[in-house]
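Here's the structure we're looking at; comments come further down.
Just so you know, all these numbers are worked out from the coordinates, no wet-lab data involved. No experiment lies behind these values; they were computed from the predicted model shown. We place every Cβ from the backbone using ideal geometry, glycine too, and count neighbours over all the protein chains shown.
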Amino acid sequence: MSEVRYYEGIGRRKRATARVRLYPGDGQIAINDKPLDQYFGRFQDRQQAIEPLSLTNNEGRYNLMAMVKGGGITGQAQAIRMGLARALQIVDPELHAMLREAGFLTRDSREKERKKVGLKRARKAPQYTKR
């Protein structure tokens, strides 16, 4: 039996898709070949992306490498969070209940609704005039 080199999880949010790989290591984090603080400018997005690591007390135990594409910055951070939670669940199946309770394993399927013909936005209609 060969030793597992990494654990992988895929996360999605809105139009963003993240492929997250966890390697045994010292806690280095790279997103699209950039350090975490260089990729995400906002502290909130950085915190959200690595939330499953801090929840399960695994900070500094794994190197994280994520390839993310599509969507906006916040959607990408949330996609990374989901992919990371799925990878951690593969590492230790006992973490499943904790990650599920925190809501990290549930796919948020809400996306932007398309604009309809004859309307101003997806649902907003022009003002009605009687005469």
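Brief remarks on what is shown
- Once the Cα-Cα distance is subtracted from the 0.36 nm per residue extended length, the residue 130 to residue 92 segment shows a gain of 7.2 nm.
- Dipole of region 58-131 computed with +1 at Lys/Arg Cβ and -1 at Asp/Glu Cβ about the Cα centre; of 84, 117, 102, farthest Cα towards the positive end is 117.
- A simple count of charges around residue 14, restricted to other residues whose Cβ falls under 10 Å of its Cβ and scoring Lys, Arg +1 and Asp, Glu -1, yields +3.
- Once the Cα atoms are used to define both axes, helix 73-91 deviates from the longest principal axis of the chain by about 40 degrees.
- Percent antiparallel among DSSP beta bridges (both partners in the chain, rounded to 5): 85
- Most tightly packed first, judged by the mean number of other beta-carbon atoms within 10 Å of their residues, the peptides 75-88, 32-45, 8-21 read 75-88, 8-21, 32-45.
- Phi-derived couplings, Karplus 6.51 cos²θ - 1.76 cosθ + 1.60 at θ = phi - 60°, listed residue by residue for region 57-70: 6, 10, 5, x, 9, 9, 8, 10, 10, 10, 10, 10, 8, x Hz, with x used for Gly and Pro.
- Relative contact order computed over the chain (Cα-Cα under 8 Å; 6+ residues apart), in percent: 32
- Principal axis extents of the Cα atoms in the chain, from largest to smallest and rounded to whole angstrom, are 77, 32, 27.
- In straight-distance terms, cross-link reach from residue 115 covers every one of the lysines whose alpha-carbon lies under 23 Å from its own, apart from those fewer than eight places away in the same chain; here that gives 14, 124.
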